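Please treat every number below as a calculation from the coordinates, not as lab data. In this text, all values refer to a predicted model and were calculated from it rather than measured experimentally. Reconstructed Cβ throughout: ideal geometry from the backbone, glycine too, with neighbour counts over all protein chains shown.
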Amino acid sequence: MLLRLVPDNTKLPFMKWAKIRTPISLALIALSFFLLFTVGLNVGIDFKGGTVIEVQSAQPAADLADIRQKVGALELGDIQIQGIGEPNQVLIRIAAQPGGEEAQQEVVRKVQSALGTSDYEYRRVEVVGPRVSGELATTGTIAVIVTMIGIMAYIWFRFEWQFSIGAIATLVHDAILTVGFFALTQIDFNLSSIAAILTIIGYSLNDTVVIFDRIREILRKYKQMPVSEIIDLATNQTLARTIMTSLTTLLALGALYFFGGSVVRSFTAAMIWGIFVATASSIFIGGPILIYLNIRPSSAAAADSKAAEA
């Protein structure tokens, strides 16, 4: 192999390190909840309703101060104006106005009247009402919960209940830390953020199942070996695959973050954080939970019998 970042036959004591990593994870979860309930999420237009207008100036560089002055004079409440992409591209965010959908449409007309149509091209206009935004928040939460339940049922059927609880605990850990990341950085939390959380859950599940499958194989092969040593052996045997998968994914996400533009930047930033978290949790979180739940070779044998009968 031309590129080998992780040598073969590593013998790293992951379960000993987990004694340090587990309190760190618990502290990060507590910090995430603290940030969520004190600082809160910077919910985007998808969840709080309002208007997003993307304009492109006819000049090589847009005059943000001039735009801010003209739009601010309309007295529309909370307004955010920022440059995106090229120097002549600007994104205008305006908070939801009282009066329903008609009031939001009136916002667009006022902005167009204030800025004019000769100096600016209106490339994108999105209007999201409070009712729609509430439905989006509800359906997004339901999507995450249903995903968790489906994964738990699959792992329970595919392996054994200890593996199912271990997998779900790992995924919940990753989801909570990702939400904490949004609260800490104040990156817009929108529908793309929900998609990022679901993607991170899928990525983490993939890593965790690979390690769990190897643990089950070794449980059948070495029935007298201590469970902590079995988990260490399985984790070391899959370490090269785990690290290489994470690095190649991070390379792609890095390119998206720096060159993909502002539209996907919040999604990509959350994904980069999530890859680090998911990689660490698949190594340090799932294994100790199996030990706490007293996994034994007999459990793996019972799971094999159930799968064979099915």
Of ALA58, TRP161, GLN82, farthest towards positive along the dipole that unit charges on Lys, Arg, Asp, Glu beta carbons give the chain: TRP161
Under 29 Å, Cα to Cα: Lys pairs in the chain, sequence gap 8 or more or different chains: 12
Region 50-128, dipole about Cα centre (Lys/Arg Cβ +1, Asp/Glu Cβ -1), debye to the nearest 20: 40 debye
Assigned charges on the beta-carbon of Lys, Arg, Asp, Glu; the chain dipole about Cα centre (debye): 1300 debye
Highest-fluctuation residue, PRO288, PRO13, PRO23 considered, GNM on the chain with Cα pairs under 10 Å: PRO23
Sparsely packed trypsin sites (Lys or Arg not before Pro) within region 193-271, loop by DSSP, other Cβ within 10 Å at most 13: LYS223
Unit charges at the beta carbon, dipole of the chain: most positive-side option, PHE47, GLN186, LEU36: LEU36
Computed log₁₀ I(q)/I(0) - Debye formula, equal Cα scatterers, no solvent, region 50-128, q 0.19 Å⁻¹: -0.73
Estimated 222 nm signal from helices in the chain, with DSSP H stretches of n ≥ 4 weighted -39500 (n - 2.57), rounded to 500: -23000 deg cm²/dmol
Distribution of pairwise C-alpha distances over region 128-268, 10 Å bins, in %: 10, 32, 32, 18, 7, 1, 0
Percentage, to the nearest whole number, of Cα pairs in the chain over 26 Å apart: 56 percent
Pairwise FRET efficiency - THR138 versus ARG68, Cβ, R0 = 30 Å, nearest 0.05: 0.30
